[in-house]
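Take a look at the structure set out below.
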Amino acid sequence: MKIGTLVVFDNVDTLETKFQKLVECGFDNCQLNCWIPSLFTDENAEFINGLCKKYGIKISAFWCGWEGPCVWDFYEGQITIGLVPAEFRQVRIKNLCDGADFAKKLGVIDVATHMGYIPENPLDENFNTFCVAVRTVAQHLKKNGQYLLFETGQETPVTMMRCFEKVGTDNLGVNLDTANLILYGKANPVDSLDVFGKYVRNLHAKDGLYPTGGKFLGAETKIGEGKVDFRGVISGLHKLGYAGYITIEREIEGEQQIADIMESKEYLQNIINEVYGG
């Protein structure tokens, strides 16, 4: 299991500095995150491929954002996040397909995103139309030889599996965000592996606390200070034969973000060494 971190691609001019910092911090891989579809150009793909070669960086997954509003709470989130809101569905299908084509030019086969608050009731009409939208994106990615990864968070593990069954393509996977399952109050990440463990293709190592009210998510914390049992998660992945990437995500900015990421890297590496032997 290789440890990396998340790199946000929001400006061509700053990306090389971010890659330099990545190497200085001892990382050789990252998830590349981009929420700006206008950046999905041939020129930018060529530029990023050059940076990866120059700095010896492997992009483990492309995290693809989409256009339109997005509110990370339990109310407005229902009508703004992912492919679930019908109002934004068509443009976001295009965003995800365009992002996948961009990722293909980078040699990346795993494309991750948030799908939204998938209806838990399989008889909900929006569940069926949502699954049609997911199938449209998944079929496009399949032609590219790529996987579409659902980042955990807004849905329960069982709801996600129900969607996988309904969509029916063989290129769906999971980007396990260890904290999101807790932040959204949806599941314990260790136990979630019993449900979708075989589908995990990448993960965000993040920590946090359960919600304490009905409107807002729980608070994110530094790794080791929240409710995530990382030893349990890593042990569970080891039993499943997982040998992929673990991507540290810390949703703050500045020097404290870097300090927390470096502490997390050591914390996680010690657990990996114990579990995997190394």
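Some points to look at:
- Restricting the search to helices (runs of 4 or more DSSP H) fully inside the stretch 174-278 and requiring at least 1 residues that are of a type outside the set (Ser, Thr, Tyr), in contact with an Asp or Glu (Cβ under 9 Å, 6 or more places away or on another chain) and surrounded by fewer than 16 Cβ atoms within 10 Å (Cβ to Cβ) gives 230-239, 255-272.
- Inspection of the stretch 75-91 finds a residue satisfying the criterion of being exposed (fewer than 14 other Cβ atoms within 10 Å of the Cβ), of a type outside the set (Phe, Trp, Tyr), in contact (Cβ under 8 Å) with a residue 24 or more places away in the chain and within 25 Å of Asn180 (Cβ to Cβ).
- Identity of the residue in the stretch 113-172, in a helix (DSSP H, G or I) and among the hydroxyl-bearing types (Ser, Thr, Tyr), that ends up farthest from Tyr199 (Cα to Cα): Thr129
- Some residue of the stretch 229-244 being within 15 Å of the chain's Cα centre (by Cα) and either under 19 Å from Cys30 (Cβ atoms) or of a type outside the set (D, E, K, R) (or both): yes
- Residue within the stretch 212-226 that is of a type in the set (D, E, K, R), at pLDDT 95 or above, closer than 21 Å to Ile261 by Cβ and more than 17 Å from the chain's Cα centre (by Cα) present: yes
- Inclusion of Asn188 among residues that are more than 29 Å from Leu268 (Cβ to Cβ) and touching a helix residue (DSSP H, G or I) at 6+ places or on another chain (Cβ under 9 Å) is not warranted.
- Evaluated against (1) free of Cβ contacts under 8 Å to residues at least 40 places away in the same chain; (2) over 19 Å from Gly236 (Cβ atoms), Val174 falls short on exactly one condition, (2).
- Applying the criterion of being of a type outside the set (Lys, Arg) and farther than 18 Å from Gln154 by Cβ to the residues of the stretch 56-74, the residue that is surrounded by the most Cβ atoms within 10 Å (Cβ to Cβ) is Ala61.
- Scanning the stretch 1-22 for residues that are among the aromatic types (Phe, Trp, Tyr) and either in a helix (DSSP H, G or I) or more than 13 Å from Ile57 (Cβ to Cβ) (or both) gives a single hit, Phe19.
- Count of residues meeting criterion [closer than 18 Å to Asn144 by Cβ and either in contact with a His (Cβ under 8 Å, 6 or more places away or on another chain) or part of a loop (DSSP other than H, G, I, E, B) (or both)] in the stretch 32-62: 2
- Test result for Leu96, under 16 Å from the mean Cα position of the chain (by Cα), buried (at least 24 other Cβ atoms within 10 Å of the Cβ), within 18 Å of Trp66 (Cα to Cα) and not small (Gly, Ala, Ser): yes
- Taking first residues from the stretch 118-145 that are free of Cβ contacts under 8 Å to residues at least 24 places away in the same chain and partners that are in a loop (DSSP other than H, G, I, E, B), the Cβ contacts under 9 Å between residues at least 6 apart in sequence or on separate chains come to Glu125/Pro119.
- The condition (being closer than 30 Å to Gly218 by Cβ and among the small types (Gly, Ala, Ser)) is satisfied by just one residue among Gly50, Gly77: Gly77.
- In the stretch 158-187, the residues that are over 19 Å from Phe127 (Cα atoms), in contact with a Ser or Thr (Cβ under 8 Å, 6 or more places away or on another chain) and of a type outside the set (A, V, I, L, M): Asn175, Asp177, Asn180
The values are calculated or read from the model by the stated rules, or taken from the named source; none is laboratory data. None of these values were measured; they are calculated from a predicted model. Counting neighbours? That spans all protein chains shown, and the Cβs are built from the backbone with ideal geometry, glycine included.
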